[in-house]
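**Q** First the structure, then my questions, so here it is.
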Amino acid sequence: MSSAVVDELRRRLGDGKVFTDDFVRFTYSRDWSPRPADYYSMPEVVVRPTSTEEVAEVVRVAYENSVPVVPFAGGTGMGGGAVPVEGCILIDTRGLNRVLEVDEENMVVVTQAGITVSALNEELAKHGLWWPHDPESKPASTVGAAIACDNDGTFGIRYGKLADYLLNVVVVTGKGEVVRLGHRKALCSSTGYKLHWLMVGAEGTLGIVTEATLRVFKKPEARVVEAAVFKSLSSAVSVLEKMIQAGLCVESAHINCKKRLQFYTHAYRQRYGRAPEIPEWAEAILFFSFGGDRDVVEFSRNYASSLVEKAGGVLVKERELVESWWTSKHLLEFEPFKQKWPDSQRMKKFGAADLGIPIGRIEEAYRKYLEIAAKNGLEVLGMCVYHQRPNRVSPSISFAVFVDDGNPDEVRRFYKYVSEMSKMAVDLEGTMSTYIGDGERLGGFNKYEHGPAFDYMLEVKRVFDPKNILNPGKKFASKWIKD
Ligand SMILES: Cc1cc2nc3c(=O)[nH]c(=O)nc-3n(C[C@H](O)[C@H](O)[C@H](O)COP(=O)(O)OP(=O)(O)OC[C@H]3O[C@@H](n4cnc5c(N)ncnc54)[C@H](O)[C@@H]3O)c2cc1C
């Protein structure tokens, strides 16, 4: 990149928003994706805009000079989406952190996209409102990145995924044009194309999201959280299906395999010096919650408990165990799970294949997961089945393993594992990714899932980004998977 580009950025943004020193550039050299410890990639220049117009100015400079641009938010992405590409301008989007409008009457918030999920909720709380998108990374991850990665969250089974909240977005395209996509504050529309939904999961390859209008909710008055163990994963899935069929409005539901269940029982033993009363035969644990008016949640708890018992499941008696699951989801405090990440990540990283598997094939996918991890010499961390469509069993599954990123061969084996798991998901009529995205891991390899539609995606990319300067390579070419 020529120094004239940096000078031009300084001229348009002002000196205080453009950075070229190594110390600043280095802090953007990785995200949370597994990669060898000494492998990093630096941007040429970092900019920190605070408005849509400033983002547009940056992209115009990039367009005029054919320089790549990478949007960066909290850096917690697990697919390498925010990792700088060679010679790029990196846009740190976190300066776009203002809430622009809280419309209580229409239950809608208009916000700049660089605000973190937690900060947005702090602002909404002042109005008695809540955005229920709830990833564990919420203190660091932003609204724009949640849209860009199509993330999942704890309350997906009640409120859905990003597309369910998103009414419109303002984006800066690859030509530096500013466009609003979507349908203002109406909650549904059948006019035009739903271009705002194209931004969901686009990982910054079609546009930089600078503003989002989201549906928000009142916080529930009361909540109950429960857990039950089952003899098989499929019985846990089937009880959840029965709860929904019965008319219960489940607020969150996570099914963990035996391996993950052992985290909880082991931690409990460590902490309290005795084992919790979990039967030997337990192969799966279902954590679930109901939120709403007190009487309704109490009724729901009792009804759900009766369904659990009818199905041969056993409710977990130890409240500490149940509540610490909730804590681990919501406060990023892992007590009493000291062996769970992030502590364990001081030794080894958490790496996942994030697959969508049809509901009848979860047992089969689980067996294959154990085989594929073993074949690649990786230690299994465990499987968690999240649900991400409102009011239905809708598995988004994290098949996690430990990855020692101090060991380049283990990182290589991890991506072999990801490719084999992803292929397995497609062969089971599922999908390769449900919350991480393609990033720089699945790009190109994802043709296995999309077939000829992959070329249509390239065409769409050309419409929004004719010079291929927006996060180039991401989604379309893999750095790690070559077959
Ligand atoms: C401890 C931990 C817990 C996690 N928990 C969850 C979870 O519960 N659910 C879940 O789904 N994920 C989870 N993740 C993964 C990660 O947090 C999400 O993918 C999140 O969206 C990344 O947000 P970020 O702000 O860190 O984005 P980054 O990693 O900085 O960027 C992610 C992608 O978004 C693009 N991007 C960022 N901002 C914009 C923008 N304004 N416009 C266009 N593109 C943009 C980037 O280019 C990149 O491709 C977790 C990760 C960690 C480390």
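The values are calculated or read from the model by the stated rules, or taken from the named source; none is laboratory data. Values in this document were obtained by computation on a predicted structure and should not be read as measured data. Backbone-built Cβ (ideal geometry, glycine too); neighbour counts: all protein chains shown.
**Q** Regarding GLY192, is this residue on the phi > 0 side of the Ramachandran plot and in a loop (DSSP other than H, G, I, E, B)?
**A** Yes: the conditions hold for GLY192.
**Q** Quick one: in the stretch 244-268, which of the residues that are more than 12 Å from LEU286 (Cβ to Cβ) and in a loop (DSSP other than H, G, I, E, B) is farthest from the chain's Cα centre (by Cα)?
**A** Going through the qualifying residues, I end up with GLY247.
**Q** If we scan the stretch 257-269, do we find a residue that is surrounded by fewer than 24 Cβ atoms within 10 Å (Cβ to Cβ) and more than 17 Å from GLY382 (Cα to Cα)?
**A** yes
**Q** For SER398, are the conditions met, namely being buried (at least 22 other Cβ atoms within 10 Å of the Cβ), out of contact with any helix residue (DSSP H, G or I) (no Cβ under 9 Å at 6 or more places or on another chain) and among the hydroxyl-bearing types (Ser, Thr, Tyr)?
**A** yes
**Q** Six or more apart or on different chains, Cβ atoms under 8 Å: show the pairs whose first residue is in the stretch 455-483 and of a type in the set (Lys, Arg) and whose second is exposed (fewer than 12 other Cβ atoms within 10 Å of the Cβ).
**A** LYS467/SER66
**Q** Is at least one residue of the stretch 375-390 in contact with a strand residue (DSSP E or B) (Cβ under 7 Å, 6 or more places away or on another chain), at pLDDT below 95 and charged (D, E, K, R)?
**A** Taking every residue of the stretch 375-390 in turn, at least one turns out to be in contact with a strand residue (DSSP E or B) (Cβ under 7 Å, 6 or more places away or on another chain), at pLDDT below 95 and charged (D, E, K, R).
**Q** Identify all residues within the stretch 219-243 that are within 30 Å of LEU120 (Cα to Cα) and not in a loop (DSSP other than H, G, I, E, B); write none if there are none.
**A** Result: ALA222, ARG223, VAL224, VAL225, GLU226, ALA227.
**Q** Test each condition in (1) more than 19 Å from GLY437 (Cα to Cα); (2) buried (at least 23 other Cβ atoms within 10 Å of the Cβ) for VAL380 and report the one that comes out false.
**A** (2)
**Q** Now, a different point. Going through the stretch 270-319 one residue at a time, which ones are of a type in the set (Asp, Glu), in a helix (DSSP H, G or I) and within 15 Å of SER238 (Cβ to Cβ)?
**A** Across the stretch 270-319, the qualifying residue is only GLU309.
**Q** Just for the stretch 312-326: of the residues that are closer than 17 Å to ILE255 by Cα and surrounded by 16 or more Cβ atoms within 10 Å (Cβ to Cβ), which one is farthest from the ligand (Cβ to nearest atom)?
**A** The qualifying residue farthest from the ligand (Cβ to nearest atom) is VAL314.
**Q** Please find, among VAL171, VAL216, VAL209, the residue that is touching a strand residue (DSSP E or B) at 6+ places or on another chain (Cβ under 6 Å) and away from the ligand (no atom under 16 Å from the Cβ). Before the answer, list the steps.
**A** Working: VAL171 fails: away from the ligand (no atom under 16 Å from the Cβ); VAL209 fails: away from the ligand (no atom under 16 Å from the Cβ).
Going through VAL171, VAL216, VAL209 in turn, just one is touching a strand residue (DSSP E or B) at 6+ places or on another chain (Cβ under 6 Å) and away from the ligand (no atom under 16 Å from the Cβ): VAL216.
**Q** Moving to a separate point now. Just to be sure before I move on: is MET432 of a type outside the set (Asp, Glu), modelled with pLDDT of 95 or more and surrounded by fewer than 21 Cβ atoms within 10 Å (Cβ to Cβ) in the structure I sent?
**A** On the way: of a type outside the set (Asp, Glu): yes; modelled with pLDDT of 95 or more: yes; surrounded by fewer than 21 Cβ atoms within 10 Å (Cβ to Cβ): no.
For MET432, the condition - of a type outside the set (Asp, Glu), modelled with pLDDT of 95 or more and surrounded by fewer than 21 Cβ atoms within 10 Å (Cβ to Cβ) - is not met.
**Q** Here is a follow-up. Does ARG60 meet the test of being more than 13 Å from the ligand (Cβ to nearest atom) and not aromatic (Phe, Trp, Tyr)?
**A** yes
**Q** What pairs come up if the first residue lies in the stretch 136-161 and is assigned to a loop (DSSP other than H, G, I, E, B), the second is surrounded by fewer than 24 Cβ atoms within 10 Å (Cβ to Cβ) and among the acidic types (Asp, Glu), and their beta carbons are under 7 Å apart, counting only those six or more places apart or on different chains?
**A** GLY153/ASP134; THR154/ASP134; PHE155/ASP134; PHE155/GLU251; LYS161/ASP150
**Q** Which pairs turn up if I take residues in the stretch 348-364 that are over 16 Å from ASN256 (Cβ atoms) and look for partners that are of a type outside the set (A, V, I, L, M, F, W, C) and within 13 Å of the ligand (Cβ to nearest atom) with beta carbon separation below 7 Å, at least 6 apart in sequence or on another chain?
**A** Between residues of the stretch 348-364 that are over 16 Å from ASN256 (Cβ atoms) and residues that are of a type outside the set (A, V, I, L, M, F, W, C) and within 13 Å of the ligand (Cβ to nearest atom), the close pairs are LYS349/PRO34; GLY351/PRO34; GLY356/SER396; GLY356/THR434.
**Q** Run down LEU198, LEU166 and say which single residue is within 14 Å of the ligand (Cβ to nearest atom) and under 30 Å from TRP325 (Cβ atoms).
**A** LEU166
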